[in-house]
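Structure, as structure tokens:
All of the numbers you see were taken from the coordinates with simple rules; none came from a lab. Just so it is clear, the structure is predicted and the values come from calculations on it, not from any experiment. Reconstructed Cβ throughout: ideal geometry from the backbone, glycine too, with neighbour counts over all protein chains shown.
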Amino acid sequence: MKAETATGMIIEIVSDLVCPWCYIGQRRLERALKRGGGPPPRLLWRAFQLNPDMPPDGVPRQAYLAAKFGGTFHASRIYQAIGEAGAAEGIQFDFDRIARTPNSLNAHRLKRLARRAGLEVDMTDRLYRAYFEQARDVGLRGVLADVAAEAGLDRAEADRFLASDEDRAAVLAEDVGARRLGITGVPCVVIDGRYALSGAQEPEFFLPLFDLARQETAVAGAIDR
């Protein structure tokens, strides 16, 4: 997925980096864009925290599952279905090895740092893979600095950034803004500010909306002339 396009359709992706359906949804959106034709869109990621009250250090995974799902048995059935959906998209979820559910605020901040270097697309994918496929705690500053270096950023610079409060307010503001728009679950994909699709939708659901957005843009351009 390319986020550097200056013209054309704008797609806003409201998501959380510790949301498995957001990872699946991103892969499905990628497939939709490959099939959709037309000029590549401009992609904008918007931060959302599924667990905005999560302690800064996160919580043990088993405690999180017990609180969220009432126990590991019910959670295992849910995550089995998620794992099967992910496998169909080439994602190898490794839920059993995840020791802690992290606070995702700093991961979102790191994405903003990567955006300024033109690396947000790659960073997003690396953060998803680090957490869900490699069972790394993306709430830890050291882990995030390592992922930053793997993506091509200077590790020391990334570590200094993460130690500061830079972009913290911006991430929190995006989360609040999404909720004010009525977004309560992610992923949510907004196309040209007109059409929104909630959930990890299959590519077939995106294609007609891509066509509508492009047609409306073409009509508006003709009127302006």
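Per-structure values
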read-out: Loop trypsin sites (Lys or Arg not before Pro), the stretch 126-196 (other Cβ atoms within 10 Å of the site Cβ: 16 or fewer; DSSP); value: Arg194
read-out: Electrostatic dipole magnitude of the stretch 10-224 [Cβ: Lys, Arg +1; Asp, Glu -1; Cα centre; debye, to 20]; value: 180
read-out: The chain - convex hull of the alpha-carbon atoms, volume per residue in Å³; value: 128
read-out: Highest to lowest packing among 64-72, 21-29, scored as the average C-beta count within 10 Å; value: 21-29, 64-72
read-out: Radius, Kirkwood style, for the stretch 1-115 when every pair of distinct Cα atoms is counted (Å); value: 16.0
read-out: Ala67 paired with Ala135, simple spin-label distance in nm, labels 7 Å along Cα-to-beta-carbon; value: 2.2
read-out: Neighbour cut-off at most 15 other Cβ (10 Å), DSSP loop, GluC sites (Glu not before Pro), the stretch 70-157; value: Glu89
read-out: Full-extension gain in nm, Arg97 to Arg35, via 0.36 nm per residue minus C-alpha separation; value: 18.9 nm
read-out: Leading residue at positive end of dipole, the chain (Cβ point charges), from Gly83, Leu162, Pro56; value: Gly83
read-out: Partnerless Cys - the chain, beta-carbon criterion under 4.7 Å; value: Cys188
